[in-house]
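Undergrad: This is the structure I have questions about; it appears just below.
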Amino acid sequence: METPHYDTAVVGLGCAGLGISYYFTMKGCKVIGLEKNSDSGAMGTSSYGFTRIWRVTHADKLRNDMMRESLKLWREIELAVGKTLLENGAILNFGHPDSEFLKGIFSQFPDDPVIDGDEIMKKYPAFKNVPKDYIGMVTDTDCGVMRSNECLQAVKHLCLEQGANFQYNSHVVKIENDAQTGYFIITLRDGSQYIARNVIVACGYQTDKLKDETIEVMSYEVENFHIEEGYQGLPDAFLEDTPDHVYYGLKDGADLKSYKIGLHEERNIDAMMSYFQNRFDTNILGHAGENEKNKLKIKGSQPCFYSFGKDKKYNYSRGANGVYYAYGFTGTGFKFLPLHGKIMYSLVEGEDTGLDYPWLKREVMIARI
Ligand SMILES: Cc1cc2nc3c(=O)[nH]c(=O)nc-3n(C[C@H](O)[C@H](O)[C@H](O)COP(=O)(O)OP(=O)(O)OC[C@H]3O[C@@H](n4cnc5c(N)ncnc54)[C@H](O)[C@@H]3O)c2cc1C
């Protein structure tokens with residue numbers, strides 16, 4: 001049997017696996033990428049969809065620093081493929097004055113004006129019934145909407161150009177370490193095998209299926225609603241943090257002319273629907289809006305999953321048998337696609353990330369799991 005040898009095998013070619021393959025091939029590594037679906041970003045994976053929000057407007061310094069680092073790599077990618085993947089646009093973060101999330105954002109951007117409920121509705125008339133005591137902040141630099149499926153295809157293209165061997169429809173079922181050579185043998189469902197010096201598993205919420213030791217990978221369901229073209233008076237993206245739940249919206253579709261709303265932390269869909277009826281002029285659940293012209297129509301809804309590690313931090317680690325892992329990127333990991341690669345390269349090959357945070361130090365990542 002032919003057993004090709006690679007420096008690094010990357011299992012799972014979603015956002016993380018592609019980011020890793022991109023960075024490793026850029027550094028000259030011979031990479032084999034194995035993905036069980038027929039393409040990256042397939043339905044049912046966390047990377048599925050047209051758009052994602054990107055922002056240097058997180059409520060914490062860490063993720064803003066990570067985004068700045070990631071942005072440098074994204075700009076290189078955009079230059080290499082000759083197209084804009086990260087569109088600049090306005091993001092509104094708003095909600096109840098007690099929101100810790102908003103307090104975090106305000107503390108990161110003390111010079112930006114805080115607006116109240118009336119000002120929010122005046123600026124974005126599609127929002128209805130925003131309480132007067134609500135507060136928010138609009139940001140329009142270093143943030144916007146990214147064309148996520150185009151990002152995946154662009155990075156995939158660069159990986160192939162840089163020499164990666166990507167095998168789709170390749171479901172990995174076993175990873176073993178050959179004690180004699182120290183190499184890893186990766187077995188697919190159809191019995192074929194690949195041999196590599198290192199293996200990185202980036203299988204999102206399915207990562208724990210490829211571990212022979214116990215790890216906690218929690219999957220979290222989010223519901224998306226797609227809204228037809230013709231919405232008016234909404235920012236490019238927004239996030240509302242209420243005492244009961246968090247939800248977000250952003251431009252969507254191949255031409256960015258439709259809109260997508262995602263629900264976080266809300267298990268009661270009926271309650272959420274009635275919340276939307278109150279907040280938007282929409283016909284969700286048959287509700288007829290007052291203003292036909294501005295009425296938002298729901299096109300369809302779709303559940304989607306993402307993963308958490310046990311401590312809710314992104315998990316870049318090495319298992320006891322020497323296999324590396326990159327997972328747990330929650331609902332915020334897409335914008336860091338190339339940075340996942342840089343961080344994993346620092347973990348595997350020892351290069352400094354330039355990010356001075358204890359949990360991103362190599363020895364801490366190695367000790368993680
Ligand atoms: C609805 C939603 C909205 C989001 N919004 C944002 C946002 O606005 N901004 C942002 O930055 N992030 C956002 N995120 C988060 C971001 O999309 C995820 O963090 C990211 O996509 C995770 O990528 P991943 O590669 O870890 O996982 P995945 O994309 O799930 O990739 C894992 C891959 O591994 C493959 N695989 C699994 N098992 C095997 C196996 N045994 N063999 C071979 N292949 C295998 C899967 O098929 C899949 O392709 C959102 C996520 C969701 C779900």
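Readers should treat all values here as calculations from the given coordinates under stated rules, not as data from a laboratory. Predicted model only: the values in this text are computed from it and were never measured. Don't worry about glycine lacking a Cβ; one is built from the backbone with ideal geometry, like all the others, and counts go over all protein chains shown.
Undergrad: Among all the lysines, which ones have a C-alpha under 23 Å from residue 209's C-alpha, if same-chain residues fewer than 8 places away are not counted?
TA: List returned: 36, 174, 310, 312, 313.
Undergrad: To the nearest 0.05, what FRET efficiency results for residue 161 and residue 356 with a Förster distance of 25 Å applied to their C-beta separation?
TA: According to the calculation, E is roughly 0.20.
Undergrad: Can you list the residues, at least 5 places off or on another chain, whose amide H is less than 5 Å from the amide H of residue 173, using H built in the peptide plane?
TA: Residues meeting the criterion, in which the H sits 1.01 Å from N, are 187, 188, 189.
Undergrad: How long is the gain from residue 111 to residue 180 if the chain were fully straight, where each residue apart is worth 0.36 nm and the alpha carbon distance is subtracted?
TA: Length gained, residue 111 through residue 180: 18.8 nm.
Undergrad: With n ≥ 4 as the cut-off for DSSP H runs, can you work out [θ] at 222 nm for the chain, using -39500 (n - 2.57) per run divided by the number of residues, rounded to the nearest 500?
TA: Helix contribution divided over all residues of the chain: -7500 deg cm²/dmol.
Undergrad: Among 99, 148, 21, which one moves the most in a GNM of the chain with springs linking Cα atoms closer than 10 Å?
TA: Its mean-square fluctuation being the largest, the pick is 99.
Undergrad: Another one. Count the DSSP beta bridges whose two residues both fall in the chain, then state the antiparallel fraction as a percent rounded to the nearest 5.
TA: If we restrict to bridges inside the chain, about 75 percent are antiparallel.
Undergrad: Just tell me the longest site-free run in the chain, where the sites are trypsin sites (Lys or Arg not before Pro) in a DSSP loop having at most 11 other beta-carbon atoms within 10 Å.
TA: 133-266
Undergrad: Please report 248, 327 as a ranked list, fewest other C-beta atoms within 10 angstrom at the top and most at the bottom.
TA: Starting with the residue having the fewest Cβ neighbours, the order is 248, 327.
Undergrad: Okay, moving on. Report the charge-dipole magnitude of the chain in Debye, nearest 20, computed about the Cα centre from +1 at each Lys and Arg Cβ and -1 at each Asp and Glu Cβ.
TA: Here the chain has a charge dipole of around 580 debye.
Undergrad: While we're here: Based on the Cβ-Cβ distance of residue 133 and residue 190, what FRET efficiency does E = 1/(1 + (r/R0)^6) give at R0 = 56 Å, to the nearest 0.05?
TA: With R0 = 56 Å, the Cβ-Cβ based efficiency is 0.40.
Undergrad: Moving on. Which ³J(HN,Hα) values, rounded to whole Hz and listed in residue order, are derived for region 128-136 from phi using the Karplus coefficients 6.51, -1.76 and 1.60 in 6.51 cos²θ - 1.76 cosθ + 1.60 with θ = phi - 60°, glycine and proline given as x?
TA: 10, 6, 7, x, 4, 7, 5, 10, x
Undergrad: Neighbour counts of other C-beta atoms within 10 Å: give me 357, 23, 205 arranged from fewest to most.
TA: Fewest-to-most Cβ neighbours within 10 Å comes out as 357, 205, 23.
Undergrad: Going Cα to Cα from residue 251, which lysines come in below 18 Å? Please leave out same-chain ones fewer than 8 positions away.
TA: 123, 260, 295, 297, 299, 335
Undergrad: Something else about it: What's the exposure ranking of 359, 74, 54, going from fewest to most Cβ atoms within 10 Å?
TA: Ranked by crowding around the Cβ, least crowded first: 359, 74, 54.
Undergrad: If the elastic network links every pair of Cα atoms under 10 Å, which of 323, 199, 114 fluctuates the most in the Gaussian network model of the chain?
TA: 114
Undergrad: Another one. Which residues' amide hydrogens lie under 5 Å from the amide hydrogen of residue 10, considering only partners 5 or more residues apart or on another chain, with H built in the peptide plane?
TA: 32, 33, 34, 200
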